[in-house]
Every structure is written in C-alpha cells, then in structure tokens.
1. Restricting region 98-137 to residues that are of a type in the set (Asp, Glu) and touching an Asp or Glu at 6+ places or on another chain (Cβ under 9 Å), which is farthest from Gln40 (Cα to Cα)?
2. Under 9 Å between Cβ atoms, at least 6 apart or on separate chains: pull out the pairs that start in region 137-151 with a residue that is more than 11 Å from Leu114 (Cα to Cα) and end on any residue that is part of a strand (DSSP E or B) and among the hydrophobic types (A, V, I, L, M, F, W, C).
3. Does Leu109 meet the test of being farther than 22 Å from Phe37 by Cα, among the aliphatic types (A, V, I, L, M), touching a residue at least 24 places away in the same chain (Cβ under 8 Å) and part of a helix (DSSP H, G or I)?
4. How about region 117-137: which of its residues are outside any helix (DSSP H, G or I) and either surrounded by fewer than 16 Cβ atoms within 10 Å (Cβ to Cβ) or modelled with pLDDT under 95 (or both)?
5. Would you point out the residue of region 7-29, among those that are touching a residue at least 12 places away in the same chain (Cβ under 8 Å) and among the aliphatic types (A, V, I, L, M), that is nearest to Pro85 (Cα to Cα)?
6. I'm checking my understanding of the structure. Among residues of region 35-55 that are exposed (fewer than 12 other Cβ atoms within 10 Å of the Cβ) and at pLDDT 70 or above, which one is nearest to Val70 (Cα to Cα)?
7. Restricting attention to region 138-154, and to residues there that are under 21 Å from Gln40 (Cβ atoms) and among the acidic types (Asp, Glu), which single residue is surrounded by the fewest Cβ atoms within 10 Å (Cβ to Cβ)?
8. In region 80-94, which residues are outside any helix (DSSP H, G or I) and closer than 14 Å to Ile6 by Cβ?
Amino acid sequence: MTGPQIAISPESPYSEDALHCIEAYYRELDARFDGGFRPQEGGYAKAAEPASFLIVRYEGRPVGCGALHVLDNQTGEIKQMWIAPEMRGRGIARLLLEALEAEARELELQRVRLDTNRSLTEAQSLYFKAGYVEIERYNDNAYADMFFEKILED
C-alpha cells in the first residue's frame, strides 16, 4: 500500500527498521503510561511470532509499524501498532490499520481484535472511527484498559 510519499510493506519483525519502530513505540508507552511501561510485565516479551508485520515508511524512513497475530482460525489480533508522533494527523494510522485488516482477510480471518490503554486517546478515536466496537477483556495484557473487535467484511 502506498501514497505519494508513504509506503506500507511486510517485513521481518527483527529487521533494523522494525526494531527501531518497536523501541520507539515502547519508549512512548513508557512516557505515557501511569507508572511507566515494562514489556516483560504486559505479556509483550513472550508474544508469539506475528503472522504479518508491516512497516510504514515516509520518504524511505521508517515511521510506523503494526503486527497481526492469529488467535484462532477466525480471529486475528493487531498489536504493536505505532506511528511516529511527528507523522500523526495525516491519516497514516488509518492506512496502516486498513493494511493490517487486509492481511487478516488474506488469512481468511472473520474478525480482528485489539486492545489499548486509556491514555492512548488518539488510538481509541481511530478504532471507533474505523468501525471497531468495545468488547469484554479477551487477554491478560496488564496495560490494556479497553478491548475492541471488528467483524471483517469481504
């Protein structure tokens, strides 16, 4: 998926650009969450290999990422979705979310779930606008306060 200066493409979650984005994401969470953020305490360190990991580049520079995990034969979970603060407000997060949903459809999943923290208000707004509905807790992420699901249509 591309725009005039935006490219979204699959990549190894262990690539240099992926690790750059994940580290920046974790630093931001640490700054924004009450009490900080320690990945090993939220279930992040033991996360399984994603079915798909996407990198967002702006003019060739990594500015975002997102992962799709498969929970069961019908359900995917979007994790580690992040856009660099200086790139927000341009619709890039929406493009990334749509690309992750497209990956889920390719895997013939029926729905996607995700979670977020109450301090990430811009993420909550994005999810509601994209058609996600709030659901009951479905995982043990210690940092998540809100849980969402979207039924994927063809």
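1. Result: Glu134.
2. Ile151/Val112; Ile151/Val133
3. no
4. Asn117, Arg118, Ser119, Leu120, Ala130, Gly131, Val133, Glu134, Ile135, Glu136, Arg137 - these are the residues of region 117-137 that are outside any helix (DSSP H, G or I) and either surrounded by fewer than 16 Cβ atoms within 10 Å (Cβ to Cβ) or modelled with pLDDT under 95 (or both).
5. Ala24
6. Glu49
7. Asp140
8. Selection gives Ile83, Ala84, Arg88, Gly89, Arg90, Gly91.
The values are calculated or read from the model by the stated rules, or taken from the named source; none is laboratory data. Fair warning: this is a prediction, and the values are worked out from it, not measured in the lab. Every residue, glycine as well, gets a Cβ built from its backbone with ideal geometry; the counts of neighbours run over all protein chains shown.
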